[in-house]
1. Which of the residues that make up the stretch 96-110 are more than 17 Å from Val138 (Cβ to Cβ) and either among the polar types (S, T, N, Q) or at pLDDT below 90 (or both)?
2. Quick check: is even one residue across the stretch 80-89 more than 22 Å from Ile128 (Cβ to Cβ), in contact (Cβ under 8 Å) with a residue 24 or more places away in the chain and not basic (Lys, Arg)?
3. Among the residues of the stretch 111-125 satisfying the criterion of being more than 15 Å from the chain's Cα centre (by Cα) and of a type in the set (A, V, I, L, M), which is least open to solvent (accessible area, probe 1.4 Å)?
4. Restricted to the stretch 72-84, and to residues that are under 11 Å from the mean Cα position of the chain (by Cα) and open to solvent by less than 60 Å² (accessible area, probe 1.4 Å), which residue is farthest from Leu33 (Cα to Cα)?
5. Filtering the stretch 36-68 down to residues that are under 19 Å from Pro154 (Cβ atoms) and free of Cβ contacts under 8 Å to residues at least 12 places away in the same chain, which residue is most open to solvent (accessible area, probe 1.4 Å)?
6. Filter the stretch 119-146 for residues that are in contact (Cβ under 8 Å) with a residue 60 or more places away in the chain and in a loop (DSSP other than H, G, I, E, B) and give the result.
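The values are calculated or read from the model by the stated rules, or taken from the named source; none is laboratory data. Values in this document were obtained by computation on a predicted structure and should not be read as measured data. Cβ coordinates were reconstructed from backbone atoms using ideal geometry, including for glycine residues, and neighbour counts include every protein chain displayed. Surface accessibility is based on the protein's heavy atoms, side chains included, excluding ligands, DNA and RNA. Shrake-Rupley method; radii C 1.70, N 1.55, O 1.52, S 1.80 Å.
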Amino acid sequence: MNIKTVFEATECSDKVPELIISFKRPKVARRPLETTEAQVQFLREIFDPNTFELQEELILLNMDDDFSPVCYYRLGKGLPDKVEISYQLILSILIVTQATNFITAHNHPNGVSLPSYSDVDSAHNMRIRCSHFGITCVDEIIISSLEEPEGDDPGYYSLADNGLFFESAFG
């Protein structure tokens, strides 16, 4: 992706670092991700296939008012059953990139897409915190497979689609 956000510290005469933030939007058109299926397809391309079945990875997908991707950020990798969340880091990235909507997504290496209590609680907390800044958390998506599975299990779980958010940005 051609979007780059850089946090760089340089020294001034008093040895106090200056924070320099750079963000460039690509000049190519982006397509809106208006359905959960489109979002999941996009997100599956972002996860690291080399560690997908080993450890959880948390991804932040920033979107504009039209639900077109602005950028994504790999927030971190964790253990096979959890990954730490930094609300401050998430808010910082959302504000710097001027995102108005976002999705967080993480994988479940065990192949089970159902959310834990911690998954639901963290998503709810993030949604509330970001709403104070006018930024909408559209969904938290748990992906349990990088491939489209056969059968009834779609290989992902959308908290918004399953009524675990109070309201959906898509209506």
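1. Hits for the stretch 96-110 are Val96, Asn107, Asn110.
2. yes
3. Restricting to residues being more than 15 Å from the chain's Cα centre (by Cα) and of a type in the set (A, V, I, L, M), the top hit is Val112.
4. Residues of the stretch 72-84 that are under 11 Å from the mean Cα position of the chain (by Cα), as a first pass: 72-76.
Imposing the further condition that a residue be open to solvent by less than 60 Å² (accessible area, probe 1.4 Å) reduces the set to 75-76.
Details: Leu75: 21, Gly76: 23 Å.
It comes out as Gly76.
5. Per the stated criteria, the residue is Glu45.
6. Leu146
So that you can scan it fast, the table gives a plain yes or no per residue for (1) open to solvent by less than 60 Å² (accessible area, probe 1.4 Å); (2) small (Gly, Ala, Ser); (3) under 21 Å from Phe47 (Cα atoms); (4) in contact with a helix residue (DSSP H, G or I) (Cβ under 8 Å, 6 or more places away or on another chain):
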residue: Pro109; (1), (2), (3), (4): yes, no, yes, no
residue: Arg127; (1), (2), (3), (4): yes, no, no, no
residue: Thr136; (1), (2), (3), (4): yes, no, no, yes
residue: Tyr157; (1), (2), (3), (4): yes, no, yes, no
